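Heads up, the thing below is written out as structure tokens.
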Amino acid sequence: MYKAIVYKEWIKLRWFLLIMLGITLAVHLKIFIMLRSAVVAKGAYHLWYMAAVKQAVFYGDIMWLAPFIGLVTALAQFVPETGKRRLRILFHLPLPHDVSLVCMLVVGCLWVGGLCGVSALCLAVTMGTYFPPELVMSALVTAAPWFLASVPAYFGTVLAMVETAWWRKVVYGVVAYGLVLLMMKETMGFFEWSLGWYALAFALYLPTVLLPAHRFKRGIV
């Protein structure tokens with residue numbers, strides 16, 4: 001049964017994976033070309049000075065990439081499920097509905113995490129081409145909150161999709177948007193010492209998603 005759920009999610013997400021992967025690679029290619037042009041025009045020393053002394057963030061184009069991936073993945077997964085109340089099918093599977101929903105969420109999280117991992121790898125390769133390891137690590141630490149913002153973007157969208165009451169949909173959407181904005185700091189190493197606490201707080205989203213499904217099953221609005 002688990003394999004059937006995973007395969008169903010694969011069918012829904014496979015084309016979105018290719019599209020989002022293409023967008024991710026295109027954004028990083030743009031950053032690479034921009035840095036290359038800067039080296040050719042002003043020299044490597046100027047680029048190093050801007051990064052090490054001025055703490056310039058050359059990779060700000062990827063800031064909204066991870067939340068966008070989380071949003072699109074959630075929509076691709078749950079728009080087909082919530083249309084015409086098709087989510088009821090989960091309640092007739094030979095598995096508890098919460099187990100089926102968690103399986104779907106795990107697939108979505110792996111999808112989002114994999115694409116964010118590709119983005120982080122591209123960032124490391126691009127920065128490593130022009131900068132020493134210390135600045136590469138600094139870039140990854142700076143971008144880590146942007147990748148983490150995919151969690152509220154994904155789960156907040158799922159909550160809004162699964163929820164039946166419109167006012168709860170609005171609350172979930174506003175909270176998720178606020179959390180995403182909180183992570184969007186284009187300052188080098190801004191969340192270096194507090195990122196772990198935010199990651200633990202965002203982990204609370206997983207059990208929260210089960211509540212709307214429970215109300216949906218019982219017909220509570």
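The values are calculated or read from the model by the stated rules, or taken from the named source; none is laboratory data. Since this is a predicted model, take the numbers as computed values, not measurements. Here Cβ is always computed from backbone atoms with ideal geometry, including for glycine, and neighbour counts include all displayed protein chains. Heads up: the accessible areas ignore ligands, DNA and RNA and are worked out on the full protein's heavy atoms, side chains in. Shrake-Rupley method; radii C 1.70, N 1.55, O 1.52, S 1.80 Å.
Quick notes on this structure:
- Selection status of residue 151, under 16 Å from residue 67 (Cβ atoms) and open to solvent by 10 Å² or more (accessible area, probe 1.4 Å): yes
- Selection of the range 51-62 for residues being more than 17 Å from residue 128 (Cβ to Cβ) and either of a type in the set (Lys, Arg) or more than 26 Å from the chain's Cα centre (by Cα) (or both) yields 53, 54.
- Filtered residues of the range 1-35 (kept if hydroxyl-bearing (Ser, Thr, Tyr) and loosely packed, with under 15 Cβ neighbours inside 10 Å): 2, 7
- Long-range neighbours under 9 Å by Cβ, at least six apart or interchain, first residue under 15 Å from residue 118 (Cβ atoms) within the range 9-30, second of a type in the set (Asp, Glu): 27/61; 28/61
- Out of 194, 138, one residue alone is over 24 Å from residue 82 (Cα atoms), in contact (Cβ under 8 Å) with a residue 24 or more places away in the chain and out of contact with any strand residue (DSSP E or B) (no Cβ under 9 Å at 6 or more places or on another chain). It is 138.
- Unmet criterion (only one of (1) farther than 14 Å from residue 111 by Cα; (2) modelled with pLDDT of 90 or more) for residue 48: (2)
- Per-region count, the range 51-89, residues of a type in the set (Ser, Thr, Tyr) and at pLDDT 90 or above: 2
- Test for residue 100: is it polar (S, T, N, Q) and over 30 Å from residue 49 (Cα atoms): yes
- Selection from the range 36-76 of residues that are buried (at least 16 other Cβ atoms within 10 Å of the Cβ) and either on the phi > 0 side of the Ramachandran plot or of a type in the set (Asp, Glu) (or both): none
- Residue ID - most open to solvent (accessible area, probe 1.4 Å), chosen from residues in the range 154-172 that are without any contact (Cβ under 8 Å) to a residue 40 or more places away in the chain and over 21 Å from residue 113 (Cα atoms): 166
- Filtered by the rule that a residue be open to solvent by 50 Å² or more (accessible area, probe 1.4 Å) and part of a helix (DSSP H, G or I), the range 173-195 gives 174, 175, 177, 181, 182.
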